[in-house]
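Participant: One structure is given below, represented as structure tokens, and several questions about it will come after.
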Amino acid sequence: QVQLVESGGGLVQPGGSLRLSCSASGNIFSTYLMGWYRQAPGKQRELVATITTSGGRTNFADSVKGRFAISRDSAMNMLYLEMNSLKPEDTAVYYCNSHSVSTFGGSREYWGQGTQVTVSS
């Protein structure tokens, strides 16, 4: 019902910057929360940042506070993650995530396919 496609990943040197994008399509009008997660090799997927579709309230992992910024467009069809002062430990596959209100109650969760971010000299 909702399709998420990430882009913008790649290889960057420590201290550099990248901007990740997530394009949402399908039945997106019931979305109430979107975010970015990441998963490094051998580690569990972890929360990076979230943003509410109403009010734009944000939440960040302590490890990225002050370095990353999450934003969305007014139509709620694009999600962005601005990454600055990148560190080698930021290397991971980054996933776009969304939560939507279900017609049958509760929430439905969707994931993108992921985009690789590698921070290395």
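The values are calculated or read from the model by the stated rules, or taken from the named source; none is laboratory data. Since the model is a prediction, treat every value here as computed from it, not as a measurement. Glycine also receives a Cβ, built like all others from the backbone with ideal geometry; neighbour counts cover every protein chain displayed. Keep in mind that these areas ignore ligands, DNA and RNA; they rest on the heavy atoms of the full protein, side chains included. Shrake-Rupley method; radii C 1.70, N 1.55, O 1.52, S 1.80 Å.
Participant: Before anything else, pin down the relative contact order of the stretch 11-121: Cα pairs under 8 Å, at least 6 apart, normalised by residue count, whole percent.
Facilitator: About 35 percent, as a whole number.
Participant: In the stretch 13-60, what percent of the accessible surface is made up of carbon and sulfur (1.4 Å probe, ligands and nucleic acids excluded)?
Facilitator: Its accessible area is 46 percent carbon and sulfur atoms.
Participant: Per 10 Å bin, what percent of the C-alpha pairs of the stretch 75-121 does each bin hold, from zero upward?
Facilitator: 21, 39, 26, 12, 3
Participant: Once you sort the root eigenvalues of the Cα gyration tensor of the chain as a ≥ b ≥ c, which label holds: rounded (a/c under 1.5), prolate (a/b larger than b/c) or oblate (the other case)?
Facilitator: Since a/c reaches 1.5 and a/b is larger than b/c, the shape of the chain is classed as prolate.
Participant: I want the local charge near Arg38. Using Cβ-Cβ distances under 12 Å, sum +1 for each Lys or Arg and -1 for each Asp or Glu among the other residues.
Facilitator: Residues close to Arg38 contribute a combined charge of -2.
Participant: Could you give the length gained by full extension between Asn84 and Trp111, i.e. 0.36 nm per residue of separation minus their alpha carbon distance, to one decimal place?
Facilitator: Result for the pair: 7.3 nm of gain on full extension.
Participant: Suppose each label sits 7 Å from its Cα in the direction of the beta carbon; what would the Ser54-Ser71 distance come out to in nanometres?
Facilitator: Distance between label points: 2.4 nm.
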